[in-house]
Amino acid sequence: MKTVGVFLALAVALGMAPQDRNLKPPDLSPAIDRILEARWKKDVKGDPAPLADDAEFLRRVSLDLRGRPAGLAEVKAFLADPAESKRLAKIDEYLASAECNRLMARRLASVLFNDYDRPYIQPGKNFSYQTVQRLVKDFLAILEERVAKDVPIPMLLDELLEAKGRTDKNPLVLYKLSMWTGDLPAFEFSDRVSKSWLGIRVSCARCHDHPFDRWTQEDFYGLSGFFTRHKVKCLDKGGGMAMGTDCEEVEIEEDPKAPELTNPDSGGLLKPTFLLGGSPGSKEDRMPFLANLIRNPGHNQLARNFTNRMWDWLMGRGLVMPVDDFNQKNKASIHELLEKITGDFSKNKYSLKHIARAICASKAYQRASARGEPGDVKDYARATLKGLTVGQLFMSIAVATRGGDTAPDRAQAPFNGWWGWYAGQMGLVFGPSVGWTEVTLLPGNARQMLMIRNGEIIQQMIRNPGGTASLAAKVDGSPADKVEFVFLSVYGGKPQGQETARWASWLESKKGEAGLTDLVWTLINSTEFLTRH
Amino acid sequence: MTICSDCATPGVGVSRRSFLRFGMGAAAASAAGFPLPLLAQDKDTVAGGSGKSVILLWMGGGPSQLDTWDPKPGQKTGGPFKGLETSVRGIQLAEPMERISKQMKHVAVVRALTTMEAAHERGAHLLHTCFAPIPGQDFAAMGTVVAAELTRKDFPLPSYVAVSPAGPIPQSTAFGEEFQAFTVANVDNPVPNVARSGGVSADRQAAREKLLDAQNEEFEGRREGRVIEKTRTAVKKAGDLMTTPLLKAFNVKAESEELRKEYGGYFGQNCLLARRLVQAGVKFVEVGLGGWDTHYNNFEAVNKLVREELDPGMGTLIADLDRQGMLKDTLVLCMGEFGRTPEINASNGRDHWCKAFSVAMAGCGVGGRIIGATDKTGMEIQDRPVTVPELFATIYRLIGIPENNHYIVNARKVKYSYGGKPVKELL
C-alpha cells in the first residue's frame, strides 16, 4: 500500500508540473510529413494509420529514447495530462535525460565499432577480459559526455581520428586500438571508416573492383594508406613496455618514417587517397587532413549517413538500407526526404538530438502500428514493429513486474545483490552486459523465451509481494479495475477490445492472486510486450 | 587476403528459406529416421527431413596435428610420441590415439588443410563458416546451414545444438533465428528453464498457453512485420520444447552405466549426448573441447587431453554410431581453428600454424583414407593441399546439400562453400 501511495504522490506531482505552452516542434517535423503525404497522394491508394494513442506513443518514445518503458506512475500522469503539447514536452524531457545520453553513446559506439558487441582487439598481445571491460567503460564515459553536450558529429570525428597517446590519458584511443583485429589494421581502418562515417562499403572493392559502384581497389587501398603509419605499443600498469604479460594500457602513435603500404596486386606504393577526392601532401598531418575530407559539405555524405542512421533507429527502417551501403544502385527510397533532413542536420550544427527531436515530433513517428483499413499505403504510413533490444527487455520486465519504475539501467551493470542476480540470470541467456550489447536486437531464440516463461527469477518477480500482481490484488475495485491496473503496469496502456471482459472473468474464476499472476505471466510473454511498436 | 563474399544488389534473388518452407513437409513424411529404441513410442514425431546428420567435434584453441592425426615419429619436429599402427594397414596416428586408431577403417584424415588465418577468432570464424570475418557482415555457421537445409518443419527440438562450445560460434539470421546454435552448457542441466516453475501445474500451464494465444491473436492480426513471425517462432519453439517427448534425448543418464563409462570424461559424455540428439532427429550437433592452445608444455597437455577426453570420446562415439547403425548417415568431423607449428618453441610448446594441418572425419562412407600429406618434418605440403572452400564443399556434398546453394544476408548473396569443389578422393 505504501508503494501505491508513493506512486499517487508522484503522479500528482508530475501532473502538476508546469507545461510550457510555447513548445513548438522544429520546422523540420511538418516538412517531413508534407513530403510523405505528397508521396502517398501521388503513388498509392489507401489511408495512412491514424496517430497512435497516448499510451502507444509513450511506450514507443520511452523505449526509443531511454531504452526502457515508462513506469506506472508516469503512464498514469501522462494519460491524464490534458496539455496539447505534452508529447513534445515528453520528447524534450527524455532527450535531456542521462539515460538517453547513455543509450545514444552506446548506439554510436555500435556504429563506430561496426556492430561488434565490444572491440575485438589483438595487437600482438592479449588483453584480459577485465582490461577490455575497463577500456570500454572509460571510452563510453567520454562518449556519453560528448552526447550530453550534443557535440556536432564532425567534431567527434576529429577527436576520434586524431586521438593519440595512452589509453589512460585519452580513453578515445580505444577507437584506433580496435583496428588491430588480426587483419592488417590499415585494412580494418579503411573498411570501418568508410562504413561508420560515410555509410559506404568500400571493402567490397578489396578483392575486386566494386561490381556495380564506382569504387575500385585503389579506393580501398587509398583509404588504408592514411592509417599505415599508426603503431601500437603494449604497456603494463605503470606505463612501461609490457614484457611477456597481458597489456594493461596501450599507446598509439604515428611514425612519420614508416613505409607506405604496397598494393598487394601490383606491388607499387600506395599513396593515401580519399575515395571522394583528396590526397595529402608529404608534409601534411594525415588524420586531420582525412577528417576534413570526410566532413566536406561538398559531398555531405557524413551528414547524409548519420541522418539515415537516425531515421533507421527511430523509424525502424533506413531510407537507404542496409544503412552502411549507399551506392549507385542502392538509392534512398525517398530521396527528397533524406536530402531535406540532411540539409536541416547540417544547418543545425550536426546535432543528433535536434534530428531526434524533429523526427519524434513528426506525425510520421507518431502513427499507430496497427493496420487501419486495408489499402496499399506504404513508406512509413504506419509505425514499424521492431524486436526489443536486450537492454529494453531487461528494463521492461523489471518495470512491468515490480509495479513501478524502480530499476537500474542495464547499461550501468554490474550490480550487486538482487539486481546482480537478475542481471546474472538474464546474462546467461541474453549475453552479459559487455560494451554495448544492450543496444543490439534480441536474437529471440527459444532458450531466451524459456527464461521468460519459466526462469525462477522471473517467476519470483511475478509472485513477489509488492510486485504488480500483489499490488493489483489490493486495488480497491472490481476485477475490471484490477485488470486495468495490470495492463497499465505491464503494457503501459489500458486494456482494449475484449481484453477487459476476458480477463475479468478469468480473475473471477480463480482464487486469491493466481488469476493475477496468470495475467502478468501472459502479458510479459506476449508479442505486444516483446516488441517495440 | 580476406575472402570476400559475393556482393549482391539488395533485394535481388530468392531466399533459400522460401523454398525450404514448402519443400520440407513432404520430405518429412516419407523420410525414415534412425532406429529409436529409447523413443520408440514417438515414432511418428521423429525423423528429420534428410537421413544425414553432422556431429562436429570442435577442438578450441587449435590442436597439434603432429601429436594426433599426422605424427612425425623420430623427427626433431615430431616430439616424444611414437607412431601407432591403426586398424588400416599403412596408416599411423600418434601414440595417444589408442581407441580412435582402432576405428581407423571409419576415419578419413585430410592432412594438408591450408588457410591464411592464424588468429583464434578469425580461424574459428573461417572454419565455422567457410569465410574469414568481414566486419558488419554476417556469415552463417555450417551448423546453421545444415540445420536449415535438413531439418523438417515443426521439429520440436532445436535443430543446431552446441554442447559446451569451445569458443564463440558465428551467429547469423540468414535462415531465421531457429537455426542458430542452441547452446547447452553441460549434460547435467542441458536445457535451463525448460521445466515449469514449481508453483505451476501442467493444467495451469496449458491454460496459460491458451490465454497467451488469445492475447496474441488480436495484436498480431492487425500488425505485420518480420518481428511478429520471429517472436511467434521463438515462443512456439519454447512451448514445443516444454512438452515434446523428444526432450528425453537430452537425458544421457538413460544410457547404460557401462556405455557412459566407455565414453569417458566430460567431453565423452557430451559426445554421448550428441549421439542421442542425432538419434532423435537433430541435424547438427557441435561438441566443444577446449585447451588446445598449447604454447607451453604442448606434449604433456596434448597427452592428457587426448587420453582423457578426445580418444575415449571420439573413439567410443564412432564405435557406438556404428553399433547403432547410424554411422553411414552421420558425418563426424574433428577440427579446430588451425594447427600448431612443427617447430617446438623454447617453452616446449607449439604456436599457431595454418599452413598445413589436419581435419578428421568419420562416417558417411569416408573411412580408411588419408588425403594429402605434409613432408617428413610437417613444415611443407607434400601432396594434395585442401582449401577451406574445398573442405566445406566436400562436407556439404557428403550429406546431400548442394554446395553451390546460397543464402542472402546483409543484402549479399553468399555461396555455401564459396565456389569450392568437393575433394573427389573423399566422395
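The values are calculated or read from the model by the stated rules, or taken from the named source; none is laboratory data. The structure presented is a predicted model; accordingly, all values stated were derived computationally and were not measured. No Cβ is skipped: glycine too gets one built from the backbone with ideal geometry, and neighbour counts run over all protein chains shown. Quick note on the areas: whole protein, heavy atoms, side chains included, nothing else; ligands and nucleic acids left out. Shrake-Rupley method; radii C 1.70, N 1.55, O 1.52, S 1.80 Å.
Okay, here's what the table says:
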read-out	value
Members of region B:280-335 that are of a type in the set (Lys, Arg) and either open to solvent by less than 20 Å² (accessible area, probe 1.4 Å) or touching a residue at least 24 places away in the same chain (Cβ under 8 Å) (or both)	B:Lys283, B:Arg307, B:Lys328
Check on B:Val187, in a helix (DSSP H, G or I), more than 30 Å from A:Gln498 (Cα to Cα) and in contact (Cβ under 8 Å) with a residue 60 or more places away in the chain	no
Evaluation of A:Lys237 against (1) open to solvent by less than 70 Å² (accessible area, probe 1.4 Å); (2) outside any helix (DSSP H, G or I) (one fails), failing number	(1)
Within region A:460-477, considering residues that are facing chain B (nearest Cβ under 10 Å) and touching a residue at least 12 places away in the same chain (Cβ under 8 Å), the one surrounded by the fewest Cβ atoms within 10 Å (Cβ to Cβ)	A:Arg463
Subset of region A:478-533 [among the small types (Gly, Ala, Ser), within 11 Å of chain B (Cβ to nearest Cβ) and at negative phi]	A:Ser509, A:Ala514, A:Gly515, A:Ser526
Residues that are touching a Pro at 6+ places or on another chain (Cβ under 7 Å) and farther than 20 Å from B:Gly372 by Cα, drawn from region B:59-95	B:Phe81, B:Lys82
Test: A:Asp213 is part of a loop (DSSP other than H, G, I, E, B) and surrounded by 18 or more Cβ atoms within 10 Å (Cβ to Cβ)	yes
Filtered residue count, region A:255-288, keeping only those that are open to solvent by 30 Å² or more (accessible area, probe 1.4 Å), among the hydrophobic types (A, V, I, L, M, F, W, C) and part of a loop (DSSP other than H, G, I, E, B)	1
Residue within region A:167-180 that is without any contact (Cβ under 8 Å) to a residue 60 or more places away in the chain, open to solvent by less than 10 Å² (accessible area, probe 1.4 Å), within 14 Å of another protein chain (Cβ to nearest Cβ) and not hydroxyl-bearing (Ser, Thr, Tyr) present	yes
Test: residue in region B:93-101 that is assigned to a strand (DSSP E or B), open to solvent by 10 Å² or more (accessible area, probe 1.4 Å) and of a type in the set (Asp, Glu)	no
Selected residue [within 14 Å of another protein chain (Cβ to nearest Cβ) and among the basic types (Lys, Arg)] from B:Lys248, B:Lys304, B:Lys283, B:Lys236	B:Lys236
Single residue of A:Ser85, A:Ser110 found to be more than 21 Å from A:Ala368 (Cβ to Cβ) and in contact (Cβ under 8 Å) with a residue 40 or more places away in the chain	A:Ser110
Index of the failed condition, A:Phe345 passing every other in (1) of a type in the set (Phe, Trp, Tyr); (2) farther than 21 Å from A:Arg532 by Cβ; (3) in a loop (DSSP other than H, G, I, E, B)	(3)
B:Leu246 assigned to a helix (DSSP H, G or I), open to solvent by 10 Å² or more (accessible area, probe 1.4 Å) and among the hydrophobic types (A, V, I, L, M, F, W, C)	no
Single match in A:Ala109, A:Ala73 (criterion: more than 30 Å from A:Gly435 (Cβ to Cβ) and touching a Phe, Trp or Tyr at 6+ places or on another chain (Cβ under 6 Å))	A:Ala73
Evaluation of A:Ala70 against (1) open to solvent by less than 30 Å² (accessible area, probe 1.4 Å); (2) part of a helix (DSSP H, G or I) (one fails), failing number	(2)
Filter result for the condition that a residue is within 14 Å of chain A (Cβ to nearest Cβ) and at pLDDT 90 or above, over B:Leu157, B:Leu113	B:Leu157
Filter result for B:Ile371 (over 25 Å from B:Trp292 (Cα atoms) and open to solvent by less than 50 Å² (accessible area, probe 1.4 Å))	no
In region B:200-223, the residues that are part of a loop (DSSP other than H, G, I, E, B), surrounded by fewer than 15 Cβ atoms within 10 Å (Cβ to Cβ) and either more than 7 Å from chain A (Cβ to nearest Cβ) or at pLDDT 90 or above (or both)	B:Ser201
When residues of region A:408-419 are limited to those that are under 21 Å from A:Ala98 (Cβ atoms) and either β-branched (Val, Ile, Thr) or part of a helix (DSSP H, G or I) (or both), the one most open to solvent (accessible area, probe 1.4 Å)	A:Gln412
Which numbered condition A:Ile121 misses (of (1) outside any helix (DSSP H, G or I); (2) among the aliphatic types (A, V, I, L, M); (3) modelled with pLDDT of 95 or more)	(3)
Among residues of region A:313-347, those that are open to solvent by less than 40 Å² (accessible area, probe 1.4 Å) and of a type outside the set (Ser, Thr, Tyr), counted	22
Flag for B:Ala140 being of a type in the set (A, V, I, L, M, F, W, C), touching a helix residue (DSSP H, G or I) at 6+ places or on another chain (Cβ under 7 Å) and within 12 Å of chain A (Cβ to nearest Cβ)	no
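Condition check ((1) within 17 Å of B:Leu317 (Cβ to Cβ); (2) touching a Phe, Trp or Tyr at 6+ places or on another chain (Cβ under 9 Å); (3) without any contact (Cβ under 8 Å) to a residue 12 or more places away in the chain) across all residues:
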{"position": "B:Val359", "(1), (2), (3)": "yes, yes, no"}
{"position": "B:Gly363", "(1), (2), (3)": "yes, no, no"}
{"position": "B:Gly367", "(1), (2), (3)": "yes, no, no"}
{"position": "B:Thr377", "(1), (2), (3)": "no, no, no"}
{"position": "B:Gln382", "(1), (2), (3)": "no, no, no"}
{"position": "B:Pro385", "(1), (2), (3)": "no, no, no"}
{"position": "B:Pro389", "(1), (2), (3)": "no, yes, no"}
{"position": "B:Ala393", "(1), (2), (3)": "no, yes, no"}
{"position": "B:Leu398", "(1), (2), (3)": "no, no, no"}
